[in-house]
Amino acid sequence: MKDTLKHRGKRNQLVDLIASKGIKSPEVLDAIRAIPRHLFMDSGFEDHAYQDKAFPIASGQTISQPYTVAYQTELLEIQPGDKILEIGTGSGYQTAVLLHLKAKVYTIERQLNLFKKTKLFFDKMGYRPKRFIFGDGYKGMPEDAPFDGILVTAGAPRIPKALLSQLKIGGRLVIPVGEDHQTMMLITRSSEKEFERQECGSFRFVPLLEDKN
(Lines give C-alpha, C1' and ligand atoms only; values in the text may rest on other atoms or scores of the structure.)
Protein backbone atom coordinates (compact mmCIF):
# COMPACT_ATOMS: atom_id res chain seq x y z
CA MET A 1 0.00 0.00 0.00
CA LYS A 2 1.10 3.53 -0.73
CA ASP A 3 0.28 6.88 0.86
CA THR A 4 -1.54 8.85 -1.83
CA LEU A 5 -3.00 12.34 -2.20
CA LYS A 6 -6.42 10.78 -1.61
CA HIS A 7 -5.22 9.35 1.71
CA ARG A 8 -3.79 12.71 2.72
CA GLY A 9 -7.05 14.41 1.84
CA LYS A 10 -8.94 11.93 4.04
CA ARG A 11 -6.52 12.63 6.90
CA ASN A 12 -7.21 16.35 6.60
CA GLN A 13 -10.94 15.61 6.93
CA LEU A 14 -10.25 13.36 9.92
CA VAL A 15 -8.24 16.12 11.62
CA ASP A 16 -11.12 18.56 11.07
CA LEU A 17 -13.49 16.02 12.66
CA ILE A 18 -11.43 15.32 15.79
CA ALA A 19 -10.71 19.04 16.21
CA SER A 20 -14.50 19.60 16.16
CA LYS A 21 -14.77 17.02 18.97
CA GLY A 22 -12.45 19.08 21.16
CA ILE A 23 -8.83 18.14 20.39
CA LYS A 24 -6.88 21.41 20.59
CA SER A 25 -3.15 20.56 20.57
CA PRO A 26 -1.66 21.65 17.21
CA GLU A 27 1.14 19.09 17.64
CA VAL A 28 -1.30 16.20 18.20
CA LEU A 29 -3.47 17.26 15.26
CA ASP A 30 -0.34 17.53 13.10
CA ALA A 31 0.64 13.97 14.08
CA ILE A 32 -2.80 12.62 13.07
CA ARG A 33 -2.50 14.53 9.79
CA ALA A 34 0.99 13.21 9.08
CA ILE A 35 0.72 9.50 9.92
CA PRO A 36 -0.72 7.13 7.28
CA ARG A 37 -3.12 5.17 9.49
CA HIS A 38 -4.17 2.90 6.61
CA LEU A 39 -0.67 1.34 6.61
CA PHE A 40 -1.23 0.12 10.19
CA MET A 41 -4.34 -1.86 9.20
CA ASP A 42 -4.97 -4.95 7.12
CA SER A 43 -5.57 -3.96 3.50
CA GLY A 44 -9.19 -5.14 3.71
CA PHE A 45 -9.90 -2.29 6.13
CA GLU A 46 -8.11 0.38 4.11
CA ASP A 47 -11.36 2.13 3.14
CA HIS A 48 -12.22 2.49 6.83
CA ALA A 49 -8.83 3.84 7.94
CA TYR A 50 -9.87 7.49 8.10
CA GLN A 51 -13.23 7.01 9.76
CA ASP A 52 -13.15 7.97 13.44
CA LYS A 53 -13.65 4.37 14.54
CA ALA A 54 -11.72 1.53 16.17
CA PHE A 55 -11.05 -1.50 13.94
CA PRO A 56 -9.86 -5.08 14.53
CA ILE A 57 -6.21 -6.00 14.08
CA ALA A 58 -4.42 -9.31 14.80
CA SER A 59 -4.76 -11.38 18.00
CA GLY A 60 -8.25 -10.15 18.89
CA GLN A 61 -6.98 -6.59 19.49
CA THR A 62 -8.08 -3.29 17.97
CA ILE A 63 -6.52 -0.15 16.56
CA SER A 64 -8.03 2.62 18.69
CA GLN A 65 -10.26 5.26 17.15
CA PRO A 66 -8.23 8.34 16.08
CA TYR A 67 -10.11 10.61 18.51
CA THR A 68 -9.16 8.34 21.43
CA VAL A 69 -5.50 8.24 20.32
CA ALA A 70 -5.47 12.04 20.05
CA TYR A 71 -7.30 12.49 23.38
CA GLN A 72 -4.95 10.22 25.35
CA THR A 73 -1.91 11.81 23.71
CA GLU A 74 -3.14 15.33 24.45
CA LEU A 75 -3.63 14.44 28.14
CA LEU A 76 0.07 13.48 28.37
CA GLU A 77 1.20 17.01 27.40
CA ILE A 78 4.33 15.64 25.72
CA GLN A 79 7.40 17.80 25.26
CA PRO A 80 10.15 16.81 22.76
CA GLY A 81 12.59 14.42 24.42
CA ASP A 82 10.12 13.19 27.07
CA LYS A 83 10.49 9.53 28.05
CA ILE A 84 7.11 7.88 27.42
CA LEU A 85 6.16 4.31 28.34
CA GLU A 86 3.37 2.84 26.19
CA ILE A 87 1.52 -0.22 27.48
CA GLY A 88 -0.02 -2.11 24.55
CA THR A 89 1.81 -1.43 21.29
CA GLY A 90 -0.87 -3.06 19.14
CA SER A 91 -0.40 -2.18 15.47
CA GLY A 92 1.98 0.64 16.41
CA TYR A 93 -0.26 3.57 15.39
CA GLN A 94 -0.20 5.20 18.83
CA THR A 95 3.57 4.57 18.98
CA ALA A 96 3.97 6.44 15.68
CA VAL A 97 1.99 9.40 17.07
CA LEU A 98 4.28 9.54 20.13
CA LEU A 99 7.38 9.33 17.93
CA HIS A 100 6.04 12.13 15.72
CA LEU A 101 5.88 14.29 18.87
CA LYS A 102 9.62 13.56 19.33
CA ALA A 103 9.12 11.49 22.46
CA LYS A 104 11.56 8.76 23.46
CA VAL A 105 9.18 5.81 23.35
CA TYR A 106 9.43 2.59 25.37
CA THR A 107 6.64 0.22 24.38
CA ILE A 108 5.36 -3.23 25.49
CA GLU A 109 3.09 -5.71 23.68
CA ARG A 110 1.84 -8.93 25.33
CA GLN A 111 0.45 -10.72 22.23
CA LEU A 112 3.43 -12.54 20.66
CA ASN A 113 2.04 -12.72 17.10
CA LEU A 114 1.16 -9.03 17.18
CA PHE A 115 4.56 -8.16 18.67
CA LYS A 116 6.37 -9.99 15.83
CA LYS A 117 4.16 -8.46 13.14
CA THR A 118 4.53 -4.91 14.47
CA LYS A 119 8.28 -5.29 14.95
CA LEU A 120 8.67 -6.20 11.26
CA PHE A 121 6.43 -3.27 10.32
CA PHE A 122 8.46 -0.79 12.43
CA ASP A 123 11.69 -2.01 10.82
CA LYS A 124 10.21 -1.64 7.34
CA MET A 125 8.77 1.84 8.00
CA GLY A 126 11.74 3.20 9.94
CA TYR A 127 9.83 3.75 13.20
CA ARG A 128 12.39 3.50 16.00
CA PRO A 129 11.16 3.34 19.59
CA LYS A 130 13.95 3.37 22.20
CA ARG A 131 12.80 -0.08 23.33
CA PHE A 132 10.08 -2.42 22.07
CA ILE A 133 9.58 -5.57 24.13
CA PHE A 134 7.26 -8.56 24.41
CA GLY A 135 6.03 -8.70 28.00
CA ASP A 136 3.47 -8.03 30.72
CA GLY A 137 2.31 -4.41 30.63
CA TYR A 138 1.21 -4.54 34.28
CA LYS A 139 4.88 -4.67 35.24
CA GLY A 140 5.96 -1.75 33.07
CA MET A 141 9.69 -1.33 32.41
CA PRO A 142 11.28 -0.75 35.84
CA GLU A 143 14.78 -0.96 34.38
CA ASP A 144 14.09 2.15 32.22
CA ALA A 145 12.07 4.15 34.78
CA PRO A 146 11.31 6.84 35.72
CA PHE A 147 9.14 8.10 32.86
CA ASP A 148 7.74 11.55 32.07
CA GLY A 149 4.54 9.91 30.93
CA ILE A 150 2.87 6.49 30.78
CA LEU A 151 0.09 5.70 28.31
CA VAL A 152 -2.06 2.58 28.67
CA THR A 153 -4.02 1.56 25.55
CA ALA A 154 -6.20 -1.17 27.12
CA GLY A 155 -8.84 -1.11 29.85
CA ALA A 156 -7.48 -2.02 33.30
CA PRO A 157 -9.69 -3.20 36.18
CA ARG A 158 -7.39 -1.25 38.52
CA ILE A 159 -4.37 1.03 38.33
CA PRO A 160 -1.20 -1.12 38.44
CA LYS A 161 1.01 0.00 41.36
CA ALA A 162 4.13 -0.81 39.33
CA LEU A 163 3.17 1.88 36.81
CA LEU A 164 2.63 4.51 39.50
CA SER A 165 6.08 3.76 40.93
CA GLN A 166 7.67 4.24 37.49
CA LEU A 167 6.41 7.83 37.07
CA LYS A 168 8.72 10.77 37.60
CA ILE A 169 7.55 13.40 40.09
CA GLY A 170 5.44 15.64 37.86
CA GLY A 171 4.90 12.72 35.47
CA ARG A 172 1.47 11.80 34.08
CA LEU A 173 -0.21 8.40 33.71
CA VAL A 174 -3.15 8.16 31.28
CA ILE A 175 -5.11 4.94 31.78
CA PRO A 176 -8.68 3.72 31.06
CA VAL A 177 -9.95 2.05 34.26
CA GLY A 178 -12.96 -0.26 34.50
CA GLU A 179 -14.31 -3.63 33.36
CA ASP A 180 -16.88 -3.26 30.51
CA HIS A 181 -16.76 0.51 30.19
CA GLN A 182 -13.76 2.51 31.30
CA THR A 183 -13.22 5.93 32.83
CA MET A 184 -10.17 7.65 31.40
CA MET A 185 -7.98 8.56 34.37
CA LEU A 186 -5.21 11.14 34.40
CA ILE A 187 -2.91 10.55 37.36
CA THR A 188 -0.15 13.06 38.12
CA ARG A 189 2.63 12.22 40.55
CA SER A 190 2.84 15.30 42.78
CA SER A 191 5.47 13.95 45.21
CA GLU A 192 7.24 10.73 46.20
CA LYS A 193 4.06 9.38 47.83
CA GLU A 194 1.24 11.61 46.52
CA PHE A 195 -0.77 11.31 43.31
CA GLU A 196 -3.51 13.58 41.96
CA ARG A 197 -6.35 11.82 40.12
CA GLN A 198 -8.66 13.31 37.52
CA GLU A 199 -11.55 11.62 35.66
CA CYS A 200 -11.57 12.45 31.95
CA GLY A 201 -14.65 10.81 30.39
CA SER A 202 -15.98 7.35 29.45
CA PHE A 203 -14.45 5.05 26.83
CA ARG A 204 -14.42 1.41 25.71
CA PHE A 205 -11.16 -0.52 25.31
CA VAL A 206 -10.09 -4.14 24.95
CA PRO A 207 -8.97 -5.47 28.38
CA LEU A 208 -5.44 -5.14 29.73
CA LEU A 209 -4.53 -8.74 30.60
CA GLU A 210 -2.08 -9.72 33.31
CA ASP A 211 0.34 -12.67 33.44
CA LYS A 212 -1.04 -14.14 30.21
CA ASN A 213 2.12 -14.30 28.10
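The values are calculated or read from the model by the stated rules, or taken from the named source; none is laboratory data. Just so we're clear, the structure is a prediction, and the values are computed from it rather than from any experiment. Because the Cβ atoms are built from the backbone with ideal geometry, glycine has one as well, and the counts that use them run over all protein chains shown. Surface accessibility is based on the protein's heavy atoms, side chains included, excluding ligands, DNA and RNA. Shrake-Rupley method; radii C 1.70, N 1.55, O 1.52, S 1.80 Å.
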Query raised in the report: Using a Gaussian network model of the chain with C-alpha springs under 10 Å, which one of Leu186, Leu98, Leu112 is most mobile by mean-square fluctuation?
Result: Leu112
Requested in this report: Identify which of Glu27, Glu109, Glu192 has the largest mean-square fluctuation in a Gaussian network model of the chain, with springs joining Cα atoms closer than 10 Å.
Outcome: Glu192
Report summary line: Given a Förster distance of 35 Å, the FRET efficiency implied by the Cβ-Cβ spacing of Asp180 and Glu77, rounded to the nearest 0.05, works out to 0.75
Query raised in the report: Counting only protein heavy atoms, what percent of the accessible surface of the chain is carbon or sulfur at a 1.4 Å probe?
Result: 50 percent
Query raised in the report: Over all pairs of distinct alpha carbons, what does the Kirkwood formula give as the hydrodynamic radius of the stretch 117-213, in Å?
Result: 14.5 Å
Report task. For every other residue with a beta carbon closer than 13 angstrom to the beta carbon of Asp52, add +1 if it is Lys or Arg and -1 if Asp or Glu, then tell me the sum. Result -> +4
Query - Count of lysine pairs in the stretch 1-130 with Cα separation under 19 Å (8 or more residues apart, or interchain) - result: 18
Query raised in the report: Roughly what would the spin-label model give for Leu112 and Phe195, points 7 Å off Cα along C-beta, in nm?
Result: 3.1 nm
Query raised in the report: Taking every DSSP beta bridge that has both residues in the chain, what percent is antiparallel when rounded to the nearest 5?
Result: 45 percent
Query - the chain: calculated mean residue ellipticity at 222 nm from DSSP helix runs of at least 4, using -39500 (n - 2.57) - result: -9000 deg cm²/dmol
**Report entry** Helix axis angle, 5-20 relative to the chain longest principal axis, alpha carbon, degrees
**Finding:** 40 degrees
Query raised in the report: Along the principal axes of its C-alpha atoms, what lengths does the chain span, in descending order and rounded to whole Å?
Result: 51, 36, 35
Report summary line: Row for the stretch 43-97, column shape: gyration tensor on C-alpha, a ≥ b ≥ c, rounded if a/c < 1.5 i.e. under 1.5, prolate if a/b over b/c, else oblate; value prolate
**Report entry** Average accessible area per residue (Å²) across the stretch 112-159 - probe 1.4 Å, nucleic acids and ligands excluded
**Finding:** 51 Å²
Report summary line: Longest principal axis of the chain (C-alpha) makes with the long axis of helix 66-76 (C-alpha) an angle, in degrees to the nearest 10, of 30 degrees
Query raised in the report: How far is the Cα center of the stretch 170-197 from the Cα center of the stretch 5-68, in Å?
Result: 25 Å
**Report entry** Of Lys102, Lys168, Lys124, the one that fluctuates the most in a GNM where the chain has Cα springs shorter than 10 Å
**Finding:** Lys124
Requested in this report: Note down the magnitude of the dipole of the stretch 37-187 about its Cα centre, charges +1 on Lys and Arg C-beta and -1 on Asp and Glu C-beta and zero elsewhere, to the nearest 20 debye.
Outcome: 500 debye
Query raised in the report: Amide H of Phe147: which non-local residues (sequence gap of 5 or more, or other chain) have their own amide H closer than 5 Å, using H built in the peptide plane?
Result: Leu167, Lys168
